[in-house]
1. Give me the lysines in straight-line cross-link reach of Lys19: C-alpha distance below 21 Å, same-chain residues under 8 apart excluded.
2. Take the solvent-accessible surface of the protein heavy atoms, probe 1.4 Å, and return the percent of it on the range 58-104 that carbon and sulfur atoms account for.
3. Using the heavy atoms of the protein chains alone and a 1.4 angstrom probe, what is the accessible area of the range 5-50 per residue in square angstrom?
4. Put a dot 7 Å past each Cα toward the Cβ at Gln3 and Arg66; how far apart are the dots in nm?
5. Residue by residue, what Karplus-based ³J(HN,Hα) values in Hz, rounded to whole numbers, does the range 84-89 have, using 6.51, -1.76 and 1.60 with θ = phi - 60° and x for Gly and Pro?
Amino acid sequence: QVQLVESGGALVQPGGSLKLDCAASGSTRQIILMSWYRQAPGKQRDMIAEITIMGATYYADSVKGRFTISRDLASNTVFLQMNSLKPEDTAVYYCKARHVGSTVDYWGKGTLVSVSS
């Protein structure tokens with residue numbers, strides 16, 4: 001099993017920046033993919049960024065050019081650098097991990113990001 005803990009959520013002003021962390025523990029050697037999702041009030045949970053064990057990255061169009069996903073394998077941590085934040089970025093942000101050869105996903109509890117004046 002994998003345990004995921006997100007941190008870094010805060011209230012920020014439009015145009016500001018924020019960096020989220022996701023610390024993984026447990027069976028981290030088997031992780032092949034880690035992703036960031038977000039869920040705004042009254043909306044579905046959507047994937048916004050992901051990174052493979054080889055370092056390939058993918059982004060949703062809504063965040064492309066503004067957000068950057070990265071990871072530190074030594075500390076089993078994945079990051080999400082968010083720049084040029086907009087009010088529509090307000091959501092609970094979740095970290096997800098998947099093991100190689102598996103379709104089972106592991107989720108963190110989420111961290112709240114609020115973008116407002």
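1. Leaving aside lysines fewer than 8 places away in the same chain, those within reach of Lys19 are Lys64, Lys86, Lys96, Lys109.
2. Numbers: 1220 of 2360 Å².
Using a 1.4 Å probe with all protein chains present, the range 58-104 comes out at 51 percent carbon and sulfur.
3. Result: 55 Å² of accessible area for each residue.
4. Calculated label separation equals 3.4 nm.
5. Taking θ as phi minus 60°, the curve returns 6, 5, 10, x, 6, 7 Hz for the range 84-89.
The values are calculated or read from the model by the stated rules, or taken from the named source; none is laboratory data. Here the structure is a predicted model, which is why all the values come from computation and not from measurement. Counting neighbours? That spans all protein chains shown, and the Cβs are built from the backbone with ideal geometry, glycine included. With ligands, DNA and RNA removed, areas are computed over all heavy atoms of the protein, side chains included. Shrake-Rupley method; radii C 1.70, N 1.55, O 1.52, S 1.80 Å.
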